[in-house]
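Colleague: Below is a structure I'd like to ask you about.
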Amino acid sequence: MSDLLHDAFPGHEVNLVFARGLSLSALTAGLRGLDREPLAEGEAGGWAWAVHDMVNVEIEDWDDIDYRRVCPQGAEVVVFVTEPCSAKAHGPGFDYLRDGKWTLSFSFEDLTQRMGDNPDYMSQELLAAKLIGPESECDKWETEEGHDCCEHEEDREERIARAIAQCFALPSPPLALAVTAK
């Protein structure tokens, strides 16, 4: 997922935001109110979506974004933070807000450290995708000499993103700047 967004927006470290129960114009106005100008935006499958720079270099705003300000009562916001600290090579993060409250938040690096008002909100989906629980760890290294578990963990980010997308029935937004530029 990070590679897909990185390739679609070269030179940008971006967040991908989905909102349901909020119009596209309200989402983009809310992001602008947070000093994050959308690079691309659209609507699909009952969701408004926007891609914006993670930081605002022009005003030296490096802080995490408080998406509660764009999530009023009756709305849901799903956020993929693709490069939370690219200088330190941290993995992507995920946030889910509902009715202006942080329901679930986690780093793709450690799904056991889920936070929010309901940290178990997606547990069934993560368990079914074998991303958490007893079947999530590879044990082939114990029985297969020379087995490198890292070789088949390369798709882990994609599997996490897919589990999130399926849980929330997220659309696949067109992400090429040429397609979405106004």
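The values are calculated or read from the model by the stated rules, or taken from the named source; none is laboratory data. The structure displayed is predicted, hence computed values, not measured ones. Here the Cβ positions follow ideal geometry from the backbone for every residue, glycine too, while neighbour counts run over all protein chains shown. Accessible surface is based on the protein model in full, side chains and every heavy atom, while ligands, DNA and RNA are left aside. Shrake-Rupley method; radii C 1.70, N 1.55, O 1.52, S 1.80 Å.
Colleague: Spot the failing condition for Pro84; the list is (1) at pLDDT 85 or above; (2) in a loop (DSSP other than H, G, I, E, B); (3) not β-branched (Val, Ile, Thr), and only one is missed.
Modeller: It fails just one condition, (1).
Colleague: Residues in region 2-38 that are modelled with pLDDT of 80 or more, hydrophobic (A, V, I, L, M, F, W, C), crowded, with 19+ Cβ neighbours inside 10 Å and over 15 Å from the mean Cα position of the chain (by Cα): how many?
Modeller: Going through region 2-38, the residues modelled with pLDDT of 80 or more turn out to be 13-38.
Add one more test, that the residue is hydrophobic (A, V, I, L, M, F, W, C), and what stays is 14, 16-19, 22, 24, 26-27, 29, 31, 34.
Right, trim to crowded, with 19+ Cβ neighbours inside 10 Å and you get 14, 16-19, 22, 27, 31.
Now narrow it down to the ones that are over 15 Å from the mean Cα position of the chain (by Cα): 22, 27, 31.
The number of residues fulfilling the criteria is 3.
Colleague: A follow-up question, please. Can you confirm whether Gly74 is in a loop (DSSP other than H, G, I, E, B) and either closer than 20 Å to Leu170 by Cβ or open to solvent by less than 60 Å² (accessible area, probe 1.4 Å) (or both)?
Modeller: yes
Colleague: Only one of (1) at pLDDT 95 or above; (2) over 16 Å from the mean Cα position of the chain (by Cα) fails for Glu43. Which number is that?
Modeller: Exception for Glu43: condition (1).
Colleague: Restricting the first residue to region 115-129 and requiring it to be without any contact (Cβ under 8 Å) to a residue 60 or more places away in the chain and closer than 16 Å to Glu76 by Cα, which pairs with a second residue that is small (Gly, Ala, Ser) and surrounded by 15 or more Cβ atoms within 10 Å (Cβ to Cβ) meet a Cβ separation below 6 Å and a spacing of at least six or different chains?
Modeller: The qualifying pairs are Gly116/Ser105.
Colleague: Another question, then. Look through region 128-182, keep the residues that are at pLDDT below 75 and small (Gly, Ala, Ser), and return whichever of them is surrounded by the most Cβ atoms within 10 Å (Cβ to Cβ).
Modeller: Ser136
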